Amino acid sequence: MKHILFRLTLLSALFMLTFSNSAFSQTANFRGFVYDKETAEPIIFSNLIFKGTTYGASTDLNGFFSITKIPAGTYNLIVSYVGYDTIINPVTIKDGEIITKKFYLQKKAFTLETFNISAEKQEARTEVQVSVNKITPKEMSQVPSIGGEPDLAQYLQVLPGVIFTGDQGGQLYIRGGSPIQNKVLLDGMIIYNPFHSIGLFSVFDNDIIRSADVYTGGFGAEYSGRISSIMDITTREGNKKRYSGKISSSPFTSKLMIEGPLKKATEGGGGNSSFVISGKTSYLQESSKIFYTYIDTAGLPYNFNDIYGKVSMNADNGSKLNIFGFNFSDNVRYKNVADIDWKSTGFGSNFVLVPGGSTALIDGAFSYSSYDITLQEANLKPRTSSINGFNMGLNFTYFMGQDEVKYGLEVLGFRTNFDFFNSVGRNISQVENTTELGGYIKYKKIIKTKLIIEPSLRLHYYSSLSEFSPEPRLGMKFNMRDNFRLKFAGGLYSQNLISATSDRDVVNLFYGFLSGPDNLQSTFDGKDVTSKLQKARHAIFGFEYDLPNHMSLNVEGYIKQFNQLTNINRDKLYDDIPENNAQPDYLKKDYIIENGVAKGIDVVWKYDNKKVYLWAVYSLGFVDRFDGRRDYVPHFDRRHNVNLVGNYTFGKRLDWEVSARWNLGSGFPFTQTQGFYEFLPFTQGINQNYTTANGNLGIIYGDLNGGQLPWYHRLDISIKKSWAISKNSILEANGSIINAYNRQNIFYFDRVTYKRVDQLPALPSVGVSMTF
């Protein structure tokens, strides 16, 4: 491990020396930040270009831009973003200079019906962007606001390749990957469970999200530790000019968000600091007894509380430090079925450094987070799981004209503690400490504005397993025409974490974690098992087509080869002790090896013009697994999935907004019941008197996932009206309805009582919010 660390450090130093020489070339470098004039919040994806040239850039998540290799001369710099006044600023550049500037854009007094410069289209031509959905709060607000507030969980459900298993206890399955294979980052901090048990809400407050990048496959080497997808969420820094906030309430939840300056920002220069704090709570278990008595007089059994806070400190040159923390909790009381309680906490910091004499941008993060969950099922012993750990990283980015080099180091460690009893009373438990070390390098090369190549390499070392994983990855895009682009991405991926649930469970209410287990079978499919990691290979092909009349089409075909998966052993009958050496591994080991493949195609059509936004997604997917003895399809294998979203803004002041979302999905597979019998557990061994003992109800199952549930479909609708109370105060009233035509979608089937349990029925809601 020490040798690997030394080599990665040496590699980092070599690149720093090599690329810092670009600062002394005979061309200049122009960089800086773009901010909102009213709040001093960074404006992401704004455009900057020197008029009459091809020299330009877009701002990143920090509002940072860098235009390099500019010939000496005097130019007019155009700074623009949709909904803001354009700035034209004269700039004189000399050879070898590194110029750093800050720009403040003023919001328009009125919104133009059309605009000529599109940062989104410009980015599509200069970035690979395969299997990535870049989400902003504005886009999230275009999906029906269930419970009165837009929520990331509701928006994720309409993305291509994303399967959501239900309104209650639902989880996201992204292009054939299970939830444990999806990594969620909040300001660089790992979030182990981003969704509440009622599947309409995430732990994140939409009003403090700056952006969310969701990679459904083929992601670059800067991301690690998961083999299916990445969700990278960034929060805002808080208003640096004045105190402001938002308060809202509905029958589902209430929320309060407050932000403001600790030291005010001024355009004349100097540092500044700010804070933002957000809290939300659900009281659905109590309010549903009043508003939704037709469901259950005992109320809907969901309650949660979320709080997040952040302090930001900014230097005059744009360097900054953020310190943040959170506490999320959730509890559910399914009557006569199960009680679930989980809690997630964390704190951390991240920073951005803008060195004065170098073209590099340096950023890094350190954080600690934990997650604890307990599930108590009727007549069964409780399941418990906890994970806590840290992650820290350091990244260097160099800009060379349109090209870019990025590399970095990452260290993380965590502790898992898991205790579980299966249906025959066999205990599976594990306590494990894990440390990982990784390094990566990524290079983006644009060739004659037509071809974009983005190779990257990650070297990752799992110290607790003594395993080294080299992971090459590649992204490419070819601009065949100005409005038509071909693209590809792929690579190798690995992870150590495994799920504390089986992928064969139909309803996963318990969401726990384990690291690479010791009690694992030694052979699989006739071959020796030499690794404890889960591994996958991705390959994604597709195209983007900018259609006339403000329409676009995006098509991607993908294949994810899961060449090694680890699953909890639901078939364990014997303890793994010397007396049972003659028994096969699949009957005595705690965990089993599987492999599988996920493949499919996603089609996205979008129309975005003036007051109308339309979004249509069709996903066709196939997921297959092999456990060494049998082939099967997991319970989330949904063949067909359709999402239609519509949003219309109207009124004299554009103060009315109506939106709708309709989802259609083919039925999930499930294992059918063939019969029942009396099951004798023989708790007293061979001395058990089977003629007088009372047995339990045993179930005879059919072929694994050999049946299919009915098709799922649901319509959600919301309408909003806003009133401008003052310059900075807006009152908004909203109404919404979940499952508008009261479709009875199945949740699960109770085999013992032979009773069907459905998802949520029609749930109307009204709410009010005040921004100040």
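The values are calculated or read from the model by the stated rules, or taken from the named source; none is laboratory data. Note that the structure is a prediction, hence the values are computed from the model and not measured. Cβ sites come from the backbone with ideal geometry, for glycine too, and all protein chains shown count toward neighbours. The accessibility values were calculated without ligands, DNA or RNA, using every heavy atom of the protein model including side chains. Shrake-Rupley method; radii C 1.70, N 1.55, O 1.52, S 1.80 Å.
Mind checking Rg over Rh on the range 240-287, alpha carbons, Kirkwood formula for Rh? Looking at the range 240-287, the ratio lands at 1.25. In order along the range 342-354, the Karplus-derived 3J(HN,Hα) couplings, from 6.51 cos²θ - 1.76 cosθ + 1.60 at θ = phi - 60°, round to 9, 9, 10, 9, x, 8, x, 8, 9, 8, 10, 10, 10 Hz, and Gly and Pro are given as x.
Hey, what did the chain get for relative contact order, percent, Cα under 8 Å, at least 6 apart? It rounds to 10 percent for the chain.
For the pair Gln376 and Tyr574 in one chain, pulling the backbone fully straight at 0.36 nm per residue adds 68.9 nm over the alpha carbon distance.
Expressed as a whole number of Å, what is the distance separating the alpha-carbon centroids of the range 313-338 and the range 27-95? Rounded to whole Å, the Cα centres lie 33 Å apart.
Full extension of the chain between Val768 and Thr266 yields a length gain of 177.3 nm, computed as 0.36 nm times the residue separation minus the alpha carbon distance.
In this structure, the amide hydrogen of Gly96, modeled 1.01 Å from its nitrogen in the peptide plane, lies closer than 5 angstrom to those of Thr27, Ala28, counting only residues at least 5 positions away or on a different chain. In this structure, Val91 and Lys652 have a Cβ-Cβ separation that, at R0 = 45 Å, corresponds to a calculated FRET efficiency of about 0.65. At a probe radius of 1.4 angstrom, the accessible area of the chain per residue rounds to 42 square angstrom. Spin-label pair Arg415-Asp341: with each label point 7 Å from Cα along the Cα-Cβ axis, the two points sit 2.1 nm from one another. Distance between the C-alpha centers of the range 244-264 and the range 390-448? Whole Å please. If we compute the Cα centre of each part, the gap is 33 Å. All alpha carbon pair distances within the range 670-753 were sorted into 5 Å bins beginning at 0; the resulting P(r) in whole percents reads 3, 9, 11, 10, 9, 9, 9, 7, 6, 6, 6, 5, 4, 3, 2, 1, 0.
Here is the tail figure for the chain: Cα pairs spaced more than 37 Å apart come to 43 percent of all pairs. Of the residues Leu465, Leu451, Leu412, the one whose Cα sits farthest towards the positive end of the charge dipole of the range 381-465 is Leu451 (charges of +1 on Lys and Arg Cβ, -1 on Asp and Glu Cβ, taken about the Cα centre).
With all projection directions averaged, the alpha carbon convex hull of the range 519-588 covers 7.5 nm². Dipole magnitude for the chain: about 1840 debye, using +1 per Lys or Arg Cβ and -1 per Asp or Glu Cβ, origin at the Cα centre.
Only protein atoms count toward the accessible area here, which uses a 1.4 Å probe; on the range 588-686, the carbon and sulfur part of that area reaches 58 percent.
Assuming a ≥ b ≥ c are the square roots of the Cα gyration tensor eigenvalues, decide whether the range 359-453 counts as rounded (a/c under 1.5), prolate (otherwise, with a/b larger than b/c) or oblate. Verdict is prolate for the range 359-453. Each 10 Å bin from zero holds the following percent of Cα-Cα pairs in the range 229-382: 10, 26, 27, 19, 11, 6, 1.
Taking a ≥ b ≥ c as the square roots of the Cα gyration tensor eigenvalues, the range 150-263 comes out oblate, since a/c reaches at least 1.5 and a/b does not exceed b/c. Placing a label point 7 Å from the Cα of Trp723 along the Cα-to-Cβ direction, the residues of the range 640-654 whose backbone N falls under 19 Å from that point are 650-654.
Of interest is the spacing of the C-alpha centroids, which for the range 164-224 and the range 457-495 amounts to 20 Å.
The phi-based Karplus calculation (6.51 cos²θ - 1.76 cosθ + 1.60; θ = phi - 60°) puts the 3J(HN,Hα) values of the range 362-369 at 10, 9, x, 7, 9, 7, 9, 8 Hz, whole numbers, x for Gly and Pro. Of Lys183/Lys487; Lys107/Lys280; Lys610/Lys721; Lys37/Lys240, which ones are farther than 20 Å apart at the Cα? Flagged as over cut-off: Lys183/Lys487; Lys107/Lys280. Compared with the alpha-carbon gap, the fully stretched path from Ile730 to Ile601 is longer by 42.2 nm at 0.36 nm per residue. Between helix 2-20 and the chain there is an angle of about 20 degrees, using the helix long axis and the longest principal axis of the Cα atoms.
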